[in-house]
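Working notes, structure below.
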Amino acid sequence: MSLHILDVVSCFVFLFILFHYVATNLQWYSYSFERIITKHHKRIWHVNYFLIPILVFLVLKPYYDGLLFYCYLYLVAIPLYIIWFNKLDKKLIWTWRIKRLFTIFVILTLISKIIVYYAGLGESKQDIILLLSLFCTFIIANLFEVIVFRFYAKLAKHKLQSLSNLKIIAITGSYGKTSIKNFVSQILREKFNVYSTPRSVNTYKGLIADINANLNETYDIYVAEAGARNKGDIAEISTLLQQHYGIIGKIGNAHIEYFKDIQTTIQTKFELLYSERLINVFVHKDNEYSKKIPKCFEKNLEKIVPYPPEIKDIESNLERTSFSIKLDSVWVEFETSVLGRFNIDNIAVAILIAKTMGVSVQEMQKIVRKLMPVEHRLQKITTHNKIILDDSFNGNLEGMSEAIRISSLHNGRKIIVTPGLVEQDEKSNIELAKIINEVFDIAIITGKLNVNILDTYIQQPQKIILKNKLDLENILATTGQDNDLVLFANDAPSYV
């Protein structure tokens, strides 16, 4: 291979590593450079896999026809990046957006290489132009995505306007949104043709993509989850959906690092009132009401319906959940295989919505009995020798405390696997550690974010600090016994 071909190939490989690293982080953090810089939990990665390679490239590339840099690239940079990549549990997914980004990257890299080849520039200037092509890739791609998104946003708004018979239910809150969405959808599906947002799609951009791709005139009801990271996010979603019904679940300290204080969180969630078509909004009784509502929506304050209704005869264990709620002055009994005391509130608001939309009490009793638990949210899995409680998508103290309470009912050894509470304060993690002390025999701590707090305050169980989540299966195999209960309480990707 000639030195020139080696240079072309090496420069492309080097730029691709940088591109791949940035693209992976963009996908993790919703394509926001601001969040990559300010919210990343492992900023040292930016130094190791982006800044240092660029610095070495600029320093070594001009010397000895680039041979020193080639040695660094193939003997150091590439092996280190492959090791880092293989340890990730959330790798880059080549979506259409990433493919568009990669196409722009290839085109700009080729153009820059042609320019430096024919322009006769010095070595240092050539290197700078190549690096500029990488930065221009993300700038141009971002501008392109903005233009494309505006077009798709108009399509989504037009589609919703054209579906005049469609009833829209929007659901927000600090936690429990996905569970409520699934329970509402399951109960209403017995009588209506219902479409609900898939998985945890809950952003403005995600909803627009979902509406354009999946919503059509055959549906009677659209159940949409509405998430937020910043003030104004729910208002933007409400302006798009113009929902007829809303649900504001419990509001707490989830994502407090984004909202900064609880009052901002409350104001943001109550932006669900910003709909011209609102009939009712069901608000959890524990929530403090936001008083900062634009005058044009003050009338919607009268449409607030507190939930849950009166509840009694609660029984919640490892096998079932049963309760009675008061509907129109009559006590009605319900039973379900869905676990967790907190899910009674979630099911109760789904019942209220269904009742409002004409589903009979008898129908609802049958449906609630058949409700399917939401995947990864206190989902019970029984194997031939173990009980697994998969609560890996639950990241709030109340929910994790309930999962621990249910685990305590097991007559046998109990193991918890957890990274602690992510995007919540130190006080909450200390409280979690104290609850873990009372129940578990073994505590496996994953992730680095809360390892110091949990290691300090978890004192009773045997502690195992897991540095690499890929080793979890081996750890459970070597420490586990027959009749163990294993609780997966919350989960955090390796970049947290």
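The values are calculated or read from the model by the stated rules, or taken from the named source; none is laboratory data. Quantities reported herein were computed from a predicted structural model and do not represent experimental measurements. Glycine gets a Cβ as well: all are built from the backbone with ideal geometry, and neighbour counts include every protein chain shown. Accessible surface is based on the protein model in full, side chains and every heavy atom, while ligands, DNA and RNA are left aside. Shrake-Rupley method; radii C 1.70, N 1.55, O 1.52, S 1.80 Å.
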Roughly speaking, what is the stretch gain from Asn385 to Glu333, that is 0.36 nm per residue apart minus the C-alpha to C-alpha distance, in nm to one decimal? 15.4 nm
Nearest-ten-degree value, helix 177-188 long axis tilted from longest Cα axis of the chain: 50
Mean Cα-pair separation over length for the chain, i.e. relative contact order, pairs under 8 Å, 6 or more apart, %: 11
Report in % the part of the accessible area of the range 26-150 that belongs to carbon and sulfur, leaving out ligands and nucleic acids; probe 1.4 Å. 73
By how many degrees, between 0 and 90 and to the nearest 10, does the Cα long axis of helix 3-28 differ from the longest principal axis of the chain? 20
In deg cm²/dmol and to the nearest 500, what is the mean residue ellipticity at 222 nm of the chain if only DSSP H runs of at least 4 residues count, each as -39500 (n - 2.57), divided by the residue total? -14500 deg cm²/dmol
Please compare each pair in Lys157/Lys177; Lys42/Lys91; Lys91/Lys205; Lys181/Lys250; Lys87/Lys448; Lys39/Lys260 to a cut-off of 18 Å on the Cα-Cα distance and tell me which ones are over it. Lys157/Lys177; Lys91/Lys205
Largest-first ordering by accessible area, 1.4 Å probe, given options Lys87, Lys427, Lys113: Lys427, Lys87, Lys113
Using the heavy atoms of the protein chains alone and a 1.4 angstrom probe, what is the accessible area of the chain per residue in square angstrom? 48
Looking only at aspartates and glutamates whose Cα falls under 16 Å of Lys292's and that sit 8 or more positions away or on another chain, we get Asp233, Asp261, Glu271, Glu302
Hull volume in cubic angstrom per residue (convex hull over the Cα atoms of the range 431-484): 75
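For the range 210-325, what's the relative contact order in percent, using C-alpha pairs closer than 8 Å and at least 6 residues apart?
Answer for the range 210-325 is 22 percent.
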Cα gyration tensor category, rounded, prolate or oblate, for the range 211-293 with a/c compared to 1.5: prolate
Could you tell me what a quarter of the Cα convex hull surface of the range 150-211 works out to, in nm² with one decimal place? 4.6
Rg to Rh for the range 305-346: what is it, with Cα atoms only and Rh by Kirkwood? 0.97
R0 = 51 Å: FRET efficiency of Thr456 with Arg277, Cβ-based, nearest 0.05? 0.50
Of every Cα-Cα pair in the chain, the percent that sits beyond 40 Å: 33
Looking only at Cα atoms, what is the convex hull volume of the range 300-406 per residue, in Å³? 126
For Ser196, what residues show an amide H to amide H distance below 5 Å, using hydrogens built from the backbone and excluding near sequence neighbours? Val223
Nearest 10 degrees, 0 to 90: helix 123-162 Cα axis against the chain principal axis: 30
Which distance in Å, rounded to a whole number, links the C-alpha centroids of the range 281-322 and the range 172-200? 16
Along principal axes, Cα extents of the range 22-83, largest first, whole Å: 41, 22, 17
Over the alpha-carbon set of the range 181-337, work out the extent along each principal axis and list the three values in angstrom, largest first. 40, 38, 32
Starting from the Cα gyration tensor of the range 42-152, take the square roots of the eigenvalues, sort them a ≥ b ≥ c, and report rounded, prolate or oblate (rounded when a/c is under 1.5, otherwise prolate if a/b is larger than b/c, else oblate). oblate
